[in-house]
Every structure is written in structure tokens, then in C-alpha cells.
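None of the figures in this text is laboratory data; all of them are computed from the coordinates on show. Predicted, not measured: the structure shown is a model, and the values here were computed from it. Here Cβ is always computed from backbone atoms with ideal geometry, including for glycine, and neighbour counts include all displayed protein chains.
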Amino acid sequence: MTLNYILNIETATKNCSVSLALNGETILCKEIAEEGYSHAEKLHVFIEEIIKESRLNIKDLHAVAVSKGPGSYTGLRIGVSTAKGLCYALGIPLISVDTLAVLAETVTQNDGWIVPMIDARRMEVYSAVFDQNHQKIKDVQAEILTEKSYSDVTETIYIVGDCQEKCQTVLTKPNFVFLSEHKFPSAKAMSALSFVKFEQKEFEDVAYFEPFYLKDFMLNPK
């Protein structure tokens, strides 16, 4: 069996997260979620620690995957610039993974919808909808939550993300289930997703790839 090592970087939210995966399975993960967005200080340290602890050489990596957004403008810039720098220096492919797909991947359910949400501003969120098999059934959007949001849905809706407190003030129907332990996307959940893209050779152009901000920077307070 060919051994394919992929470094996964997730910095779209307050969680600064790095994992090393072998053929889609996470070997090591380092992450920390702090109010002060310590990504600039922690990201490179985590990468160095993971490479050292794995006893690999940085040149043993076959690709670098990065969470592409939506999310924090600053966090995305830090993650993407680091990933691009590594890919350019090592001459290996760059893979991008949908941040909301990563967040959905942290949840396992046998029914209903999984709706990952990332806090945007006031009552606005970045959201998408996935079925219990993690297949996307509603694309990424910026939406303002009201009492009428998802009012036509009868299935159980599992809400994950960093905006659950404010969501609970308006999403009050009994079919809403808030999974408070799943607040942030994690590089651990990127491993399987990035490996699928690696096998399918879905790579980004290292020179021209930009994060998916969804909204203009001036409208995003992060």
C-alpha cells in the first residue's frame, strides 16, 4: 500500500488546528481554541511539533490541505498563506476543503439534517445543510436567522457551530437539536475529506488560490 501523508490546517474559526493524516486517517492533531485568535503564534509551532512527534521529515508530506472558508478573514488568510508556502517550498499539491463540511464531519447522526453554522455578525451566520451521510443538500450561504428559519422542515435538525447560544433564542421548534460539544471545525475531521480530494487529484493552483470569504471583508467583523 502506498503511504500518503497529508498535513491538514484548519484556522477558519477560533480553533487553530493542525493534523497529520496517513491515507485519510488522523495520526496526530494539535489544536487550541482561544478568544484572542492566537493562530499566528500557534500554527507554525503546531506544525513543527507534529512533524517532530511523527518522526517524519517535512519532505515526507505528499500534500497540504487547508480549510478554505467561510470563516474569520484573518484566520483564513493565516491558514491559506501557510499552506501555500509549504506547498510551494516542497513542490507538493494544495488541497482546499469546505469549512462547513469539516464542521459537519465532526458529527455522527442516523437521521435528520446536520446544519453547521459559523457566527458572522448579529443574527447572521454562515451555514450549509448536510444529510446524515454528510452529503451536502443545501449550499453555503450567509443567512440571517429568524423564528421562520427552517420552519418548513419537519426532520430533526442538528445544529453545530460557534453560534448556538444566539441560535437558541430564535430557533425554538422542538425538532432543533443543539450539539453544544461541537463548536468548531477541527483538522481531525479534515483527514478523510482531504484524502478523497487527493485521490481524485482535486488540487488548487498554489499561486492563485484564495480563501472563500463569502462576504466582503469590511462586512465581516472578525
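Which log10 I(q)/I(0) values does the chain give at q = 0.11, 0.13, 0.14, 0.16 Å⁻¹ under the Debye formula, counting every alpha carbon as one identical point scatterer? Scattering profile of the chain, log10 relative to I(0): -0.51, -0.71, -0.82, -1.04. Out of segment 1-65, which trypsin sites (Lys or Arg not before Pro) are coil in DSSP terms and have no more than 13 other C-beta atoms within 10 Å? Answer by residue number: ARG55.
For the cross-link pairs LYS42/LYS68; LYS14/LYS166; LYS14/LYS215; LYS30/LYS215, which exceed 24 Å when the distance is taken from alpha carbon to alpha carbon? The pairs that break the limit, which is 24 Å between Cα atoms, are LYS30/LYS215.
The modelled label-to-label distance between LYS136 and SER81, using points 7 Å beyond Cα along the C-beta direction, is 2.6 nm.
Between the Cα long axis of helix 73-90 and the first principal axis of the chain there is an angle of about 30°, rounded to the nearest 10.
With viscosity 0.692 mPa s and temperature 37 °C, the Kirkwood radius over alpha carbon pairs of segment 1-69 converts through Stokes-Einstein to a diffusion coefficient of 267 µm²/s. Helix 190-199 and the longest principal axis of the C-alpha atoms of the chain enclose an angle of approximately 60°.
List the trypsin sites (Lys or Arg not before Pro) within segment 103-171 that fall in a DSSP loop (any state other than H, G, I, E or B) and whose Cβ has at most 10 other Cβ atoms within 10 Å. Answer by residue number: ARG122, LYS148. Compactness of segment 100-178 is given as radius of gyration and Dmax, 11.3, 32 Å, from Cα positions. Find how many whole Å separate the alpha carbon centroid of segment 35-68 from the alpha carbon centroid of segment 122-195. First find each Cα centre; the distance between them is then 28 Å. Beyond 19 Å, what percent of the Cα pairs of segment 32-84 remain? Summing the P(r) tail past 19 Å for segment 32-84 gives 32 percent.
Placing unit charges on the Cβ atoms of the charged side chains and taking the dipole of the chain about its Cα centre, the candidate lying farthest along the positive direction among ILE6, LEU214, ALA89 is ALA89. Put a dot 7 Å past the Cα of GLN168, heading toward its Cβ, do the same for ASP205, and the two dots end up 4.6 nm apart.
Give me the percent relative contact order of segment 87-152, please, defined on Cα pairs under 8 angstrom at least 6 residues apart. All intermediate terms of the calculation are to be shown ahead of the outcome.
Values: 86 pairs, mean separation 15.5, N = 66.
Across segment 87-152, relative contact order equals 23 percent.
In this Cβ point-charge picture (+1 for Lys and Arg, -1 for Asp and Glu), the chain has a dipole of about 320 debye about its Cα centre.
Along the chain, the exposed loop sites are GluC sites (Glu not before Pro) outside DSSP states H, G, I, E and B with at most 15 other Cβ atoms within 10 Å, and the longest stretch free of them is 36-146.
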